[in-house]
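The values are calculated or read from the model by the stated rules, or taken from the named source; none is laboratory data. Since the model is a prediction, treat every value here as computed from it, not as a measurement. Cβ: placed from backbone, ideal geometry, glycine included. Neighbour counts: every protein chain shown.
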C-alpha cells in the first residue's frame with residue numbers, strides 16, 4: 001500500500017496530549033517498529049500538527065523495534081510538512097513524513113533529517129511518507145537497518161499517554177513447563193492458562209510466532225506468553241484476553257476475537273467467520289484466519 005494511504009490516525013481523539021505513539025507494520029499486521037513522539041506541550045491533534053507545520057516543533061523521540069536497539073534523540077524542527085495542513089480531506093494535500101530523525105523532518109523539505117532530501121538513503125531516519133512529491137512510495141526506513149519495501153504497509157498513530165515500552169519475549173526457568181512457583185511475568189512463557197501468569201496478566205495463546213501485544217521478538221514457536229490486555233475501543237478490532245483462544249468467561253465484545261461460534265460472543269453479537277479481509281463495522285487490521293464478533 002502506498003505510504004500516502006497507510007497511516008491511520010485517531011481523528012476523533014478527545015482532549016489534548018503531549019505524546020503520540022506510532023506503530024508501524026511492514027506486513028500490514030505485525031508491528032515491527034514503534035515510535036513515541038514527546039512534544040513540548042499538550043495540544044489537540046489538529047493544533048499540534050498545524051503549529052508544527054507553521055513553526056516547526058522540538059520533539060523528543062524514542063524508537064524501538066524487533067531488529068534494532070531502542071534509541072532516543074531529539075528533532076529540533078519536526079514539521080510533518082511546511083505546506084498547509086487540514087486544507088482538504090487529508091492532513092496534507094501532498095507531501096508529509098511520519099517518522100523520526102535528528103534535525104529537520106519535513107516532507108516538503110529535508111525529509112529524513114538535516115541534509116537528507118528526496119532520493120537520499122539516510123541511516124538516521126525511522127518512518128515513512130511522501131517526500132517531496134514521492135507519491136506511491138512503500139518504503140519504510142528502519143534507521144541503521146536501512147530501508148525496506150513494504151507493499152502492505154500499515155501504521156497507527158495514537159494521541160495520548162504512551163503505553164509501556166515493548167518487552168522482549170523470554171522463556172521462564174522451566175521452559176515449556178513455565179515459570180515455576182513465582183509465575184510468569186509480562187512477555188514471559190510458556191504458559192498454558194491464566195493461572196500460570198502473575199496477577200493482572202493473561203495467557204496469550206499462539207500457534208507459531210504470532211505477535212504478542214506489548215512484547216517484541218518472536219519467542220519460541222508455539223509457546224504461549226503472558227500479556228497485559230487492554231480495554232477494547234468500540235468499533236476497533238482488538239484481541240480477546242486469550243487471543244486465538246478467545247475472550248474467556250466474559251465473552252467477546254463487538255469487534256473482538258478470536259471467536260469460533262456465536263456462543264463466544266456477548267449477547268446481541270454474532271461470530272463473523274472469515275479467512276482474510278475486513279470485518280463489517282470494525283476498523284483496524286484483522287488477523288488472518290481469526291473471526292470477530294459483530295452485531296447480529
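Points to keep in mind about this one:
- Conditions (1) buried (at least 20 other Cβ atoms within 10 Å of the Cβ); (2) closer than 24 Å to residue 34 by Cα; (3) in contact (Cβ under 8 Å) with a residue 24 or more places away in the chain; number of the one not met by residue 240: (3)
- Selected residue (criterion: nearest to the chain's Cα centre (by Cα)) from residues of region 151-174 that are modelled with pLDDT of 80 or more and surrounded by fewer than 15 Cβ atoms within 10 Å (Cβ to Cβ): 152
- The set of residues from region 50-63 being in a strand (DSSP E or B) and crowded, with 19+ Cβ neighbours inside 10 Å comprises 57, 59, 61, 63.
- Positions within region 259-291 being modelled with pLDDT of 90 or more and closer than 16 Å to residue 205 by Cβ, in sequence order: 259, 260, 264, 291
- Candidate set from region 84-102 (those that are part of a loop (DSSP other than H, G, I, E, B) and modelled with pLDDT of 85 or more); member that is farthest from residue 22 (Cα to Cα): 102
- Hits in region 237-258 - residues which are on the phi > 0 side of the Ramachandran plot and either modelled with pLDDT under 85 or outside any loop (DSSP other than H, G, I, E, B) (or both): 243, 246, 248
- Taking the criterion of being touching a residue at least 60 places away in the same chain (Cβ under 8 Å) and either part of a loop (DSSP other than H, G, I, E, B) or on the phi > 0 side of the Ramachandran plot (or both), the residues of region 190-217 that qualify are 210, 211, 217.
- Lone unmet requirement of (1) within 27 Å of residue 199 (Cβ to Cβ); (2) buried (at least 20 other Cβ atoms within 10 Å of the Cβ); (3) within 21 Å of the chain's Cα centre (by Cα) for residue 292: (1)
- Selection status of residue 69, without any contact (Cβ under 8 Å) to a residue 24 or more places away in the chain and either crowded, with 16+ Cβ neighbours inside 10 Å or not in a strand (DSSP E or B) (or both): yes
- Residues of region 24-49 that turn out to be crowded, with 17+ Cβ neighbours inside 10 Å and farther than 21 Å from residue 142 by Cα, as a count: 5
- Enumeration of residues in region 25-41 that are at pLDDT below 85 and either touching a strand residue (DSSP E or B) at 6+ places or on another chain (Cβ under 6 Å) or within 18 Å of residue 86 (Cβ to Cβ) (or both): 28, 31
- Test: residue in region 178-189 that is at pLDDT below 90 and in a strand (DSSP E or B): no
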